[in-house]
1. What whole-number value in Å² describes the accessible area per residue of region 135-220 for a 1.4 Å probe?
2. For residue 216 and residue 197 in the same chain, what is the full-extension length gain: residue separation times 0.36 nm, less their Cα-Cα distance, in nm?
3. Starting from 0.36 nm per residue, how many nanometres of slack lie between residue 88 and residue 248 once their C-alpha separation is accounted for?
4. Give me the net charge for the shell around residue 217: Cβ to Cβ below 9 angstrom, other residues only, Lys and Arg +1, Asp and Glu -1.
5. For residue 132 and residue 99, compute 0.36 nm times the residue count separating them, minus their Cα-Cα distance, and round to one decimal in nm.
6. Carbon and sulfur: what percent of region 133-227's accessible surface (1.4 Å probe)?
7. For region 120-132, take each phi angle, set θ = phi - 60°, evaluate the Karplus expression 6.51 cos²θ - 1.76 cosθ + 1.60, and give the result in whole Hz per residue in order, putting x for glycine and proline.
8. Which whole-angstrom value gives the distance between the alpha carbon centres of region 63-89 and region 103-149?
Amino acid sequence: MVAIYLQKTVHEGLWARRMALFFLQLLVLTVLLHRFGTLATPAAINLMAVSIGGLFLAIVVAVVGLIRIWFGGQIGAAQAFTGIAIALIGLAVPLFFLSQYFLLPQLNDVQTTRQPMEFKQLAAMRPADANRVVEPDLAAAEEREKAYPDIRPMELERSVTETFDIVHEAVKRLGWTIVLNEPPAEEPGRIEATNRTMIMGYTDDALIRVTGDDTHAFIDVRSASRYGMHDLGANAEHIRELFAEVKSALEKGEKTGLEQAEPAPKAGTAPQLKKKPVKKRRAKRNRRSQDPPRSQPPAERRGPFGRFPLLSPD
């Protein structure tokens, strides 16, 4: 007789794999529709929260199935481990930003100075459901200085006009969308622009102010998120990117608009050539040509008794 042993399959592993696949696809689809489509930011934030929660739930279900397999001897561990692997793949990037949520202060507006920097154009362009533009209080400024000690005004030993030109070119190279451009005159120079985060495509607003005189200039920047109570360090990174681009332009020695507008040399003026030094050998030859001729010895004739000079008939 042949004994047949029947083993039960734990269904938690199968459901964990299905849940992980579903919420991973939902997460990827949400990112693509928001980054390249027309999905609104509030809806994208809610869908991302649902996807992350579903991936964590898939891990919990898989762990419960593994516990039942350990104590009951059922089969289905492969399905459970597959579900955990898929869920961890989907949580790789969100877990990194989740760590930033606990490590960084809860800020969505970062600026380089405590002095008020007010938006002109972008304040009216924000959607109705976006964050309100308010001036950071003293507590927020202290948290910002503690978390981002490198976020300070940038000082350049250039005129305010040249510095504004450099900043304007740096903003264009970064790909930011400029909505307001006011060169310095009686008031400080001002640039207002929008930029998007690389992965999700969240829109942040930036205000750049350039002050100074003919010898020194200062660059102050304010970056504010339109949505979310926590920027996860994105606004501070925007300011670092701008300052790094300005430093790169200075190191490369790129000409500003004023330097490019300098008048060219007049036509017809040939460059002066340097005179080559006269060689000593040539000078010595010239001196020899100017010396008087040396006296020639009298002519001689060979005779039977040796050589004797030829006498003149006189």
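1. Spelled out: the 1.4 Å probe surface of region 135-220, per residue, equals 51 Å².
2. 3.6 nm
3. Answer, rounded to one decimal: 53.8 nm.
4. -3
5. Gain on extension, residue 132 to residue 99, equals 9.3 nm.
6. After summing per-atom areas, the C and S share lands at 51 percent.
7. 9, 7, 5, 4, 7, 8, 6, x, 5, 8, 7, 5, 6
8. Measuring centre to centre over Cα atoms gives 46 Å.
The values are calculated or read from the model by the stated rules, or taken from the named source; none is laboratory data. Just so it is clear, the model here is predicted, and its values are computed rather than measured. Neighbour counts run over all protein chains shown; Cβ positions are idealised from the backbone, glycine included. Note: accessible area is taken over every heavy atom of the protein model, side chains too, but ligands, DNA and RNA are not part of it. Shrake-Rupley method; radii C 1.70, N 1.55, O 1.52, S 1.80 Å.
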